[in-house]
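Report on the structure given below.
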Amino acid sequence: MKAINGAPLQRIVLKDRVSELIKDAILSGRLEPGDRIVEMKLANGLGVGTTAVREALFELESQGFVTRLTNKGTFVTKLSPGDVEEILRVRRELEGLAVELLQQRAEPQNLDKLDAIVADLRAAAAEGNFQSFYRADLEFHRTLWQLSGNRFLAKALDITVVPLFAFFILKNSRESSDHLQASAQRHAEVIEAVRTGADARKCMEAALEFFFEQEQELLFEEKSARA
């Protein structure tokens, strides 16, 4: 019982603290997209063991902030314009299916959860709080994936799409309040389509195209070739 209540809790707290320190270094620009993270060097710099660093990196990988490459190491997530477009192609199919499945089994309390997150999106947009907006944005999509009722689909989307959210946060901090408000409205329209029995999949696909256009311009300062 002592082992359950003692050391493991301390290890979890340390892992979380290390994770926050690494994330802060990434978001502040001290670690940039594409930079390699050397566990031993980072552990020495933070004055902690490599186990805590390794556990923190696993956590950050699940959030999309770092990418592990077999036999190469761990790197701060970096995506090219082509990567973003390829993710969109997969995302359009998978998230279109997710919202379609949600519509087939939608219950009022589940849609209320999504409405509450849209309210958070609108509030963050009104404040111009970029990071709060994208935390709520990711929460919206992850909630929608889970509510689809297909855990394999939710997992596939998590693996594919979360790095895009993380990279967007890393690369962009200049989106206007108007852009954020427009994005929040697109999220609201998807839920309204689910609620009213309209073509929710088509609505989601249109929203993803809108997000893609914003991402290409803000991340890479270019318009999509489809624009």
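The values are calculated or read from the model by the stated rules, or taken from the named source; none is laboratory data. In this text, all values refer to a predicted model and were calculated from it rather than measured experimentally. In this analysis, Cβ positions are derived from the backbone assuming ideal geometry, glycine residues included, and neighbour counts consider all displayed protein chains. Accessible surface areas use protein heavy atoms only, side chains included; no ligands, DNA or RNA. Shrake-Rupley method; radii C 1.70, N 1.55, O 1.52, S 1.80 Å.
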Pick out, from the range 33-115, the helices (runs of 4 or more DSSP H) lying fully within it that include 2 or more residues that are crowded, with 17+ Cβ neighbours inside 10 Å and within 15 Å of the chain's Cα centre (by Cα). 50-62, 81-105
Return the pair list, or none, for Cβ contacts closer than 8 Å from residues in the range 130-143 that are closer than 18 Å to Asp112 by Cα to residues that are open to solvent by less than 30 Å² (accessible area, probe 1.4 Å) and polar (S, T, N, Q), at least 6 apart or on different chains. Asp137/Ser183
Out of everything in the range 1-16 that is surrounded by 13 or more Cβ atoms within 10 Å (Cβ to Cβ) and either more than 29 Å from Phe168 (Cα to Cα) or within 20 Å of the chain's Cα centre (by Cα) (or both), what residue ends up being modelled with the highest pLDDT? Asp16
Restricting attention to the range 185-199, the residues that are more than 14 Å from Glu95 (Cα to Cα) and either open to solvent by less than 30 Å² (accessible area, probe 1.4 Å) or modelled with pLDDT under 85 (or both) number exactly 2
Does Leu46 fit the bill of being modelled with pLDDT under 85 and closer than 30 Å to Leu164 by Cβ? no
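Rundown of residues vs (1) in contact with a Ser or Thr (Cβ under 9 Å, 6 or more places away or on another chain); (2) at pLDDT 90 or above, yes/no style:
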| site | (1), (2) |
| --- | --- |
| Ala25 | no, no |
| Glu100 | yes, yes |
| Asp115 | no, yes |
| Ala126 | yes, yes |
Pairing a residue in the range 206-217 that is modelled with pLDDT under 80 and assigned to a helix (DSSP H, G or I) with any residue that is open to solvent by 50 Å² or more (accessible area, probe 1.4 Å) and among the basic types (Lys, Arg), where Cβ atoms lie under 7 Å and the two sit 6 or more apart in sequence or on different chains, gives Gln216/Lys223; Glu217/Lys223
From the options Ala182, Ala156, residue that is assigned to a helix (DSSP H, G or I), touching a residue at least 40 places away in the same chain (Cβ under 8 Å) and surrounded by fewer than 21 Cβ atoms within 10 Å (Cβ to Cβ): Ala156
Answer yes or no: is there a residue in the range 91-103 that is within 14 Å of Pro163 (Cβ to Cβ) and of a type outside the set (Val, Ile, Thr). yes
